[in-house]
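Q: Could you have a look at this structure, given as structure tokens, before my questions?
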Amino acid sequence: MKRIVIVGAGQVGQSLAEALSGDGHNVTVIDTRSDCLEAIESHLDIRTINGFGCHPGVLESAGARDAEMLIAVTDSDEVNMLACQVGSTLFGIGTKIARVRERSYHENPKLFAPDAVPVDMLISPEAIVTSQIQRLVEHPGALQVLDFADGLVSLVGVRAYYGGPLVGHELRNIRTDMPGIQTRVAAIFRRNQPIAPDGNTVIEAEDEVFFVAAKKNIRAVMSELRRLEKPYKRILIGGGGNVGRRLAEALTGRYEVRIIEHDQQRADYLRQKLPAGTEVLVGDGSDDRFLDRAGIGDMDVFCAVTNDDQANIFSGMLAKRRGVRKVMALINRPGYVDLMQDSAIDIALSPQQATIGVLLARVREGGTATVHSLRRGAAEAIETIVNGDAGNSRVVGRRIDQLSLPKGASIGAIVRDREVIIPHHDTVIHAGDHAILFLTDRDRLKAVQRLFQPRASFF
């Protein structure tokens with residue numbers, strides 16, 4: 001258990017507090033907004049402090065002298081950095097993490113050194129969400145594409161459709177249908193309920209299927225579950241803020257990219273900064289007539305990424321009605337994300353859920369390298385590095401069928417010396433392996449951590 005101070009009780013701060021307290025950590029949250037603190041206190045048994053998180057007295061009241069970690073996630077980059085500075089200089093907090101949005105800070109890493117601004121880890125929700133959208137554009141038809149082990153292996157979520165070769169058949173058929181391609185179905189959600197898959201499991205249409213495979217095999221596995229979609233060509237981005245700009249930079253060159261920005265001054269700035277080939281349009285993305293003039297009917301993908309959830313939802317619904325193949329919308333409010341289930345919005349993107357995974361990987365012990373939150377935080381995919389030896393580890397030197405994995409947990413892949421191994425019941429775990437685990441029930445996390453944590457003699 002760690003003592004952690006969170007500065008900022010916005011959407012990210014609240015979600016992070018819930019996740020960390022659920023992991024058993026001692027969490028204190030600081031914010032100047034009493035309504036946000038009351039929202040946390042109403043459903044979490046954690047301490048809150050009303051005040052400025054960069055003020056020494058406020059940090060001391062929050063227990064900074066005994067804290068092992070400070071995570072600053074307010075809306076102000078400068079407040080976040082100053083909170084880390086005060087926490088380090090006055091209280092000697094060991095690990096400082098700051099959410100920093102301004103790109104020029106990220107482009108000058110010398111600023112963040114022990115003798116400068118002592119931030120151990122910078123978090124950019126915009127960069128994380130941009131990468132998430134980019135992977136979805138690169139894999140048409142996927143609901144989620146999550147990378148592990150430096151991109152060697154991916155966990156992909158896809159909706160099974162009528163006509164997929166595997167739909168209506170047992171999972172064991174996947175070996176005969178795709179000889180030589182290694183994959184593992186890690187979990188199936190049917191009518192929002194998890195199903196533990198085995199060889200006898202029959203895939204049904206509309207199942208949400210999560211499978212693990214080497215990155216090069218993703219498209220082949222997807223073809224077993226649904227008719228493959230043609231690659232996307234034309235992308236329309238609604239919103240020219242930080243996410244919109246990053247996304248246009250990432251996609252221009254490989255795709256035909258248009259971006260809508262309502263502010264003329266910002267549009268002029270984007271025309272100067274974005275790569276040649278990006279078309280910048282000035283107008284309102286939630287105006288149906290303007291969308292028609294922008295050529296919405298010819299687009300393959302529409303990404304609504306403004307700072308306004310309602311505008312993103314409305315423009316996304318208009319785009320879908322105009323026949324856009326894939327509609328993605330950036331949604332900050334968790335309640336809105338739930339409402340988008342089975343709506344005209346194909347994929348609702350939650351910045352806080354994407355950000356929390358990155359933060360949890362840093363906070364957790366026991367070799368955790370990567371964490372991805374799934375299904376609005378109910379499930380998780382984890383990459384853990386196996387430490388120890390046969391003498392002090394509960395997993396090293398043991399076959400998978402000898403492990404006491406809790407219910408709802410499965411090992412989808414192992415990366416050993418940069419080789420992707422899809423494990424079977426008799427696969428033996430080695431020290432140094434990167435194990436990719438899927439948890440359909442996040443409450444089983446502690447049991448998984450105990451299993452993979454070496455006994456004290458290892459340290």
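Q: With a Förster radius of 45 Å, plug the Cβ-Cβ distance of residue 190 and residue 271 into 1/(1 + (r/R0)^6) and report the FRET value to the nearest 0.05.
A: Approximately 0.40, to the nearest 0.05.
Q: Now, a different point. Please give the length that would be gained between residue 104 and residue 42 if that part of the chain were fully extended, namely 0.36 nm times their separation in residues minus their C-alpha to C-alpha distance (nm, one decimal).
A: Contour length minus Cα-Cα distance gives 18.5 nm.
Q: Arrange the peptides 13-22, 440-449, 399-408 so that the one whose residues have, on average, the most other Cβ atoms within 10 Å appears first.
A: In decreasing order of mean packing, 13-22, 440-449, 399-408 become 13-22, 440-449, 399-408.
Q: Below 18 Å Cα-Cα, how many Lys pairs turn up in the chain? Only count pairs eight or more apart in sequence, or on different chains, if you could.
A: So the count works out to 9.
Q: By average Cβ neighbour count within 10 Å, what is the ranking of 77-88, 427-438 from highest down?
A: Highest to lowest by the protection proxy: 77-88, 427-438.
Q: Still on this model: Rounded to the nearest 0.05, what FRET efficiency do residue 398 and residue 264 give with R0 = 60 Å and r taken as the Cβ-Cβ distance? Could you check?
A: 0.40
Q: Another question, if that's okay. Order of 313, 259, 128 from fewest to most other C-beta atoms within 10 Å?
A: 128, 313, 259
Q: At 7 Å along the Cα-to-beta-carbon direction for both residue 229 and residue 115, put a label point, then send me their distance in nm to one decimal.
A: Going by the 7 Å Cα→Cβ label model, 5.2 nm.
Q: If we count other beta carbons within 10 Å of each Cβ, what is the order of 150, 309, fewest first?
A: 150, 309
Q: By count of other Cβ within 10 Å, fewest leading, how are 101, 258, 293 ordered?
A: Going from least to most buried by this count: 293, 101, 258.
Since every read-out is calculated from the coordinates, none of them should be taken as a lab result. The structure displayed is predicted, hence computed values, not measured ones. Reconstructed Cβ throughout: ideal geometry from the backbone, glycine too, with neighbour counts over all protein chains shown.
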